[in-house]
Amino acid sequence: MFCLIFCSLAVVDWFLLRKEQPTKEKKRKVYRILWFIVPMIAWNAGASHIYGWPNPFDVIELMLGWSNSLLEG
């Protein structure tokens, strides 16, 4: 769910950048946003259609799961 929220924010930001005058810095910003949008769309499409595809929360828990043992004492 959070991936969809951040993707929609990136799309809105991309449309706002398209309205500005074209400059070299603007092109860099647009490509940075696209490098964020495309993988998120692919991730969500895979999570929606492929059985067993991990959702983002599972991946976060996998990466940061060791910190839970530190917090519990």
Residue 25: loosely packed, with under 12 Cβ neighbours inside 10 Å, of a type in the set (Asp, Glu) and at pLDDT 75 or above, yes or no? yes
Name the residue, out of 59, 30, 11, that is aliphatic (A, V, I, L, M) and touching a Leu at 6+ places or on another chain (Cβ under 6 Å). 30
Within the stretch 41-56, does at least one residue satisfy the condition of being at pLDDT below 75 and among the hydroxyl-bearing types (Ser, Thr, Tyr)? no
Confirm whether residue 61 is at pLDDT 75 or above, part of a helix (DSSP H, G or I) and over 18 Å from the mean Cα position of the chain (by Cα). no
Can you find a residue that is within 15 Å of residue 9 (Cα to Cα), aromatic (Phe, Trp, Tyr) and part of a helix (DSSP H, G or I) anywhere in the stretch 35-53? yes
Could you give me the residue pairs with C-beta distances under 8 Å whose first residue belongs to the stretch 18-43 and is in contact (Cβ under 8 Å) with a residue 40 or more places away in the chain, whose second residue is surrounded by 12 or more Cβ atoms within 10 Å (Cβ to Cβ) and in a helix (DSSP H, G or I) wherever it lies, and which are 6+ apart or on separate chains? 43/3; 43/56
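The values are calculated or read from the model by the stated rules, or taken from the named source; none is laboratory data. If you're wondering where the values come from, they're calculated on a predicted model, not measured in any experiment. As a convention, Cβ positions derive from the backbone with ideal geometry for all residues, glycine included, and neighbour counts pool all protein chains shown.
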